[in-house]
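Below is one structure, written out as structure tokens, with a few remarks after it.
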Amino acid sequence: MGGKYRITGDAFPRMRRPRKRRRLVLAGVGAVVALGLAGWGTLQLIDVFTGGDKSAAAAGHKRACPTVKPAVAPAEALPKPAAIKVNVYNATTRSGLAKDAAEELKKRGFAIGEVGNASKEYDKKVPGTGVLLGAPAAKNGGFTVLGTQLAGAVEKTDARKTGEIDLILGTKFKAFSTPQEATAAMTALTKPAPAPSPSC
């Protein structure tokens, strides 16, 4: 070729990539790296703040743990045996049963009233160990205390206004609870076991 396009000498022109494309590639790589670093930093900050919130929530939860209340309300003050007047009646065919039972209850501190045979309403009609019969108010104290002496006794109320309790002995009556058993039953009534504490 001639003119200005003529090649002279041993050197040939080199083909170079445009510098603008290289700059664009470097800029793109830098942007990706910057975005990655920014995202990683954001995640770290979120973890830090979230962890702090969980710790605070856990601490707050422990502070807000409710106070444990007993499963059973403490029993009201029960009357002493000496304050309970008991009438003892025999509804069985065994003679002298009411007298023997009355003497045993007297030894245990109860006040004894009438002793004899049961009325026609109950005579030979009590299949269990016995019946505790009294005014409705007796259910809140007298029945409870006397019931510790005779397991399985049935409680019944009538329209009487006085505070004495009728103990009507039934066909299955053999003996009263032992003093140790009666004491243990009374202790369980006056000191109910508290409910287990919940884990907070």
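The values are calculated or read from the model by the stated rules, or taken from the named source; none is laboratory data. From a predicted model like this one, the values you see are computed outputs, not experimental measurements. So basically every Cβ, Gly included, is an ideal-geometry build from the backbone, and we count neighbours across all protein chains shown. Side chains are part of the model used for accessible areas, which takes the heavy atoms of the whole protein and leaves out ligands, DNA and RNA. Shrake-Rupley method; radii C 1.70, N 1.55, O 1.52, S 1.80 Å.
The set of residues in segment 150-179 that are under 21 Å from residue 108 (Cα atoms) and out of contact with any strand residue (DSSP E or B) (no Cβ under 9 Å at 6 or more places or on another chain) comprises 151, 174, 175, 176, 177, 178, 179. Which of the residues spanning segment 75-89 are in contact (Cβ under 8 Å) with a residue 12 or more places away in the chain and in a loop (DSSP other than H, G, I, E, B)? Matches in segment 75-89: 75, 76, 78, 79, 80, 84. Any residue in segment 146-158 that is open to solvent by less than 70 Å² (accessible area, probe 1.4 Å) and more than 28 Å from residue 93 (Cα to Cα)? No, that holds for no residue.
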